[in-house]
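Visitor: A single structure is presented below for examination.
The values are calculated or read from the model by the stated rules, or taken from the named source; none is laboratory data. Please read all numbers here as calculations on a predicted model, not as lab measurements. Every residue, glycine among them, receives a Cβ derived from its backbone with ideal geometry; neighbour counts consider all protein chains shown. These accessible areas exclude ligands, DNA and RNA; they are computed on the full protein's heavy atoms, side chains included. Shrake-Rupley method; radii C 1.70, N 1.55, O 1.52, S 1.80 Å.
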Amino acid sequence: MRVEGDFIVINKWLLPFSWLYGLGVKLRNFAFELGILKSRSFDVPVISVGNITVGGTGKTPHVEYLAKHLKELFHVAILSRGYKRKSKGFILANAQTTMLDIGDEPYQMKQKFPDVTVAVDKSRCHGIEELVGNDKSLDVILLDDAFQHRYVKPGINILLVDYHRLVIYDTLLPAGRLREPLVAKDRADVVIVTKCPKDLKPMEFRVITKAMHLYPYQNLYFTTLEYDDMQPIFGGESRSLKSLKADEQILLLTGIASPEQMVHDLEPYSKNLTPLTFADHHHFKTKDIQLINETFEKLPQPRCIITTEKDATRLHNVEGLSEEVRRHIYTLPVSIRFMQEQEETFNQYIIGYVRKNSRNSILAKREDDHKPTDSYYSGDRPRTISFRNN
């Protein structure tokens, strides 16, 4: 096992610049610690999901996991910055909202969970104010990619760490990929090591747990990626990964931060994999569409294109894709699975926090505080227990 990460490359020549960058970050964090810059708390429960590295750690599937499980019990909202959207200010998504209005990831989540409130705002504080003002019945807000947005003080701060690039072996930008010094992980209530191999051994769990050096108040979890059946973007029947033929050519089309994991996961299903990689959140232009058409046409048959859900949101309305491409392009839905039988413990912890801190619970408690203390009200009230995985 390489616990130091499969994809870590540190440019030692840039370390002096990393020191200067780190000084600026430390001054900013120090300003928050002193109260010069203010962190705000809100009456509504807020759960933040984010990272301290450049590149994908699996934020979207983890936010989707939370939304999927919480929406069965609570009124849930997701608030994102809406990276690379063509709009400004606060936008509340509805059935007519486009990907350009709110960005690819929020659009993907709204399409997947139409009954969940989805909004975008560069200012998370303003976004929360708008959400709470628009809907008094809101039970919990999920902040997407907000670990470094310290103007909001969440009730639960979840830090995601890529198994293949553990933060404990990385260094600051630009020599490495850390956006904050390693000490920033101490702000997390929950640390999740993501993208773990499915066959991770018990000894490897113990090695990583010890190497992370977490405090007793912090919970450590491990998740791995799960892929569902491939879904056609432009109509047709779904396909399982097992349906891929031995000689089938696959064009893997990605515009995400870390496509290496997807390449690795698809290799057992096909040895004929041709990656076509674009930058994260890439908006496909005419020349890109031509490249996709030409690259796919050169592949011998049988052949297909596999892309991500995020890329599919940007490809769905582009013009110029050949009919052959449209007939053979599939999106590969991804979700997360907790390892070491940690799922129930995690769910209980999150649900317990929301139940205890929802506005309805707070209002009920305030009413109880003003009730007469006679025998009718002196009995024990029901309590929700939050389980921690220490």
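Visitor: Restricting to the stretch 250-272, name every residue that is modelled with pLDDT of 95 or more and not β-branched (Val, Ile, Thr).
Guide: LEU251, LEU252, LEU253, listed by residue number.
Visitor: What's the number of the condition ASP186 fails, among (1) open to solvent by 10 Å² or more (accessible area, probe 1.4 Å); (2) at pLDDT 95 or above; (3) in contact with a helix residue (DSSP H, G or I) (Cβ under 7 Å, 6 or more places away or on another chain)?
Guide: (3)
Visitor: Sticking with this one: For the stretch 259-302, name all the residues that are farther than 23 Å from ASP199 by Cα, of a type in the set (Ser, Thr, Tyr) and open to solvent by 40 Å² or more (accessible area, probe 1.4 Å).
Guide: Those that are farther than 23 Å from ASP199 by Cα, of a type in the set (Ser, Thr, Tyr) and open to solvent by 40 Å² or more (accessible area, probe 1.4 Å): THR274, THR277, THR286.
Visitor: Also, quick follow-up: Could you run through the stretch 257-268 and say how many residues are over 16 Å from ILE329 (Cβ atoms) and among the aliphatic types (A, V, I, L, M)?
Guide: Going residue by residue through the stretch 257-268, those that are over 16 Å from ILE329 (Cβ atoms) are 257-261, 263-265, 267-268.
Of the ones still in play, those that are also among the aliphatic types (A, V, I, L, M) are 257, 263.
Summing the residues that are over 16 Å from ILE329 (Cβ atoms) and among the aliphatic types (A, V, I, L, M) in the stretch 257-268 gives 2.
Visitor: For GLY24, which of the numbered conditions (1) under 22 Å from the mean Cα position of the chain (by Cα); (2) more than 26 Å from CYS196 (Cβ to Cβ) fails to hold?
Guide: Here GLY24 clears every test but (1).
Visitor: Only one residue in TYR151, TYR163 is open to solvent by 40 Å² or more (accessible area, probe 1.4 Å) and in contact with a Cys (Cβ under 6 Å, 6 or more places away or on another chain). Which one?
Guide: Values: TYR163 fails: open to solvent by 40 Å² or more (accessible area, probe 1.4 Å).
Of TYR151, TYR163, the one residue that is open to solvent by 40 Å² or more (accessible area, probe 1.4 Å) and in contact with a Cys (Cβ under 6 Å, 6 or more places away or on another chain) is TYR151.
Visitor: Going by what's in this entry, would MET212 be described as under 25 Å from LEU159 (Cβ atoms) and open to solvent by 70 Å² or more (accessible area, probe 1.4 Å)?
Guide: no
Visitor: Collect the residues in the stretch 166-178 that are part of a loop (DSSP other than H, G, I, E, B), over 27 Å from HIS69 (Cβ atoms) and either open to solvent by 30 Å² or more (accessible area, probe 1.4 Å) or aliphatic (A, V, I, L, M) (or both), keeping them in residue-number order. Show your work before the answer.
Guide: At the first step, the residues of the stretch 166-178 found to be part of a loop (DSSP other than H, G, I, E, B) are 166, 170-171, 173-177.
Add one more test, that the residue is over 27 Å from HIS69 (Cβ atoms), and what stays is 170-171, 173-177.
Result: THR171, LEU173, PRO174, ALA175, ARG177.
Visitor: Somewhere in the stretch 234-254, is a residue under 27 Å from ILE158 (Cβ atoms), touching a Ser or Thr at 6+ places or on another chain (Cβ under 9 Å), open to solvent by 20 Å² or more (accessible area, probe 1.4 Å) and not hydrophobic (A, V, I, L, M, F, W, C)? Walk me through how you get there before you give the answer.
Guide: Let us first name the residues in the stretch 234-254 that are under 27 Å from ILE158 (Cβ atoms), namely 254.
Applying the additional criterion that residues be touching a Ser or Thr at 6+ places or on another chain (Cβ under 9 Å) yields 254.
Keeping just the survivors that are open to solvent by 20 Å² or more (accessible area, probe 1.4 Å) gives none.
Looking for residues that are under 27 Å from ILE158 (Cβ atoms), touching a Ser or Thr at 6+ places or on another chain (Cβ under 9 Å), open to solvent by 20 Å² or more (accessible area, probe 1.4 Å) and not hydrophobic (A, V, I, L, M, F, W, C), one finds none in the stretch 234-254, hence no.
Visitor: Could you look through the stretch 317-347, keep only residues that are open to solvent by 20 Å² or more (accessible area, probe 1.4 Å) and out of contact with any helix residue (DSSP H, G or I) (no Cβ under 8 Å at 6 or more places or on another chain), and pick out the one that is nearest to LYS201 (Cα to Cα)?
Guide: If we take residues in the stretch 317-347 being open to solvent by 20 Å² or more (accessible area, probe 1.4 Å) and out of contact with any helix residue (DSSP H, G or I) (no Cβ under 8 Å at 6 or more places or on another chain), then GLU341 is nearest to LYS201 (Cα to Cα).
Visitor: Only one of (1) modelled with pLDDT under 95; (2) more than 20 Å from the chain's Cα centre (by Cα) fails for PHE90. Which number is that?
Guide: PHE90 satisfies all of (1) modelled with pLDDT under 95; (2) more than 20 Å from the chain's Cα centre (by Cα) except (1).
Visitor: Oh, and also: In this structure, is VAL44 over 27 Å from ARG165 (Cβ atoms) and either of a type in the set (Val, Ile, Thr) or within 12 Å of the chain's Cα centre (by Cα) (or both)?
Guide: On the way: over 27 Å from ARG165 (Cβ atoms): yes; either of a type in the set (Val, Ile, Thr) or within 12 Å of the chain's Cα centre (by Cα) (or both): yes.
Judged against the criteria, VAL44 is a match.
Visitor: Consider ARG206 against the criteria (1) open to solvent by less than 20 Å² (accessible area, probe 1.4 Å); (2) within 21 Å of ARG337 (Cβ to Cβ); (3) at pLDDT 95 or above; (4) basic (Lys, Arg): it satisfies all of them except one. Which criterion is unmet?
Guide: Answer for ARG206: the failing condition is (1).
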